[in-house]
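Chemist: Shown below is the structure under consideration.
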Amino acid sequence: MEIPYTRDVRPDTGLYNAKVGIWLFLASEVMLFGALFSAYILLRVSAPPDLWPHGWLNLWWGTTNTLVLITSSITTVMAWASLKLNQFGKFKFYHACTVLLALTFAGIKSIEYHDKFVHYEIALTNGKFADGHMVPHENKLVRADDGTYSGYAVIKGHVVDKREELYDLKAKHHKTAGTEAQAEAAAKHSGHEAIRVEGSEIKAMSNYGPWHNTYTAIYFTLTGLHALHVLGGALVIGFLWGPGSKMWKTDPERFTNRVEVSGLFWHFVDLVWIFLFPVLYLL
């Protein structure tokens, strides 16, 4: 038995079945990400003054990923339009571009994640804080069961007196140095001197993973969930580009509808990032 309304529109909705389904699914996605964005707003407004991190993310990587996703939205539209014009070869080209751009986005995001996992904040016994990237081959730290450390580690970073000073310095490092004071602070941070930290001097230490503080927790939750959507969308688009494209020979109109539905999901994924970028990278 043939499934109705896979090509023709339904008389009650004016849409074919797959488009009705994707709009209902996207409505649930709006509620999911809406709840997470609301959580971010509530966490931020309830944070103590001047203690919400700013400038912890690499603006250039974020901007590049924004351009990558915007370009991928264009290519997925061009792929669908090529099918409407009966140009299957162009569809294959544009859809392949969309998949490659999605993988590029995921690759850049993995670079950002890696940077956070090798970046450490170390509270010292003298009350100061050491902050920087761990030098792997010079990390000789051993953590005992009681939480104390022995040996030593080498980080490329700096030492500050207070955590507030550390947060302020990190923010100025990642912003464009528009004033002389900002330029001086950025230059000071960018030196990344090699600092040897003895295990006996460490009170506590943590990398900038999701467990570091509230900001990194919500950052990894939002961007991690979005990255899963990117990979899931890329998997579907890759299937339609590969094995799924055989339907073009047997039922081209239904195949075109499938490509359109996958494109709607992809546009939603791009739209979510358009909100994530300014919220996490700029504000």
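One line per residue, one yes/no per condition, for (1) more than 25 Å from L26 (Cβ to Cβ); (2) touching a residue at least 12 places away in the same chain (Cβ under 8 Å); (3) in a helix (DSSP H, G or I):
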{"residue": "A194", "(1), (2), (3)": "yes, yes, no"}
{"residue": "S200", "(1), (2), (3)": "yes, yes, yes"}
{"residue": "Y219", "(1), (2), (3)": "no, yes, yes"}
{"residue": "T223", "(1), (2), (3)": "no, yes, yes"}
{"residue": "H229", "(1), (2), (3)": "no, yes, yes"}
{"residue": "G232", "(1), (2), (3)": "no, no, yes"}
{"residue": "F239", "(1), (2), (3)": "no, no, yes"}
{"residue": "E253", "(1), (2), (3)": "no, yes, yes"}
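Chemist: Shifting gears a bit: Every residue in the range 58-86 that is within 15 Å of M247 (Cα to Cα) and exposed (fewer than 15 other Cβ atoms within 10 Å of the Cβ), please.
Modeler: Within the range 58-86, K84, N86 meet the criteria.
Chemist: For Y5, only one of the following conditions fails: (1) under 19 Å from G233 (Cβ atoms); (2) modelled with pLDDT under 85. What is its number?
Modeler: Here Y5 meets the rest and fails (1).
Chemist: Could you grab me the full set of residues in the range 87-112 that are without any contact (Cβ under 8 Å) to a residue 40 or more places away in the chain, buried (at least 16 other Cβ atoms within 10 Å of the Cβ) and closer than 19 Å to F220 by Cα?
Modeler: Matches in the range 87-112: T104 only.
Chemist: If L222 meets every condition in (1) at pLDDT 90 or above; (2) touching a strand residue (DSSP E or B) at 6+ places or on another chain (Cβ under 8 Å) apart from one, which number is that one?
Modeler: Unmet condition: (2).
Chemist: Using the structure shown, decide if D251 is modelled with pLDDT under 95 and either among the hydrophobic types (A, V, I, L, M, F, W, C) or out of contact with any Asp or Glu (no Cβ under 7 Å at 6 or more places or on another chain) (or both).
Modeler: yes
Chemist: To continue, here is another question. Does F37 qualify as being within 18 Å of A217 (Cβ to Cβ) and of a type outside the set (G, A, S)?
Modeler: Spelling it out, F37 is indeed within 18 Å of A217 (Cβ to Cβ) and of a type outside the set (G, A, S).
Chemist: I need the full set of residues from the range 192-224 which are loosely packed, with under 14 Cβ neighbours inside 10 Å and farther than 26 Å from L283 by Cα, in order please.
Modeler: Within the range 192-224, E193, A194, R196, S200, A204 qualify.
Chemist: Mind listing whichever residues of the range 128-146 are in contact with a strand residue (DSSP E or B) (Cβ under 8 Å, 6 or more places away or on another chain) and in a loop (DSSP other than H, G, I, E, B)?
Modeler: K128, V135, N139, K140, L141, A144
Chemist: Checking the condition part of a helix (DSSP H, G or I) and in the same structural domain as N257 (by TED's automatic domain parsing), which residue from W52, W80, W56 passes?
Modeler: So the residue among W52, W80, W56 that is part of a helix (DSSP H, G or I) and in the same structural domain as N257 (by TED's automatic domain parsing) is W80.
Chemist: Filter the range 263-279 for residues that are over 12 Å from S72 (Cβ atoms) and crowded, with 21+ Cβ neighbours inside 10 Å and give the result.
Modeler: Scanning the range 263-279 gives V272, L276.
The values are calculated or read from the model by the stated rules, or taken from the named source; none is laboratory data. Because the structure is predicted, anything quoted here is derived from the model rather than measured. Cβ coordinates were reconstructed from backbone atoms using ideal geometry, including for glycine residues, and neighbour counts include every protein chain displayed.
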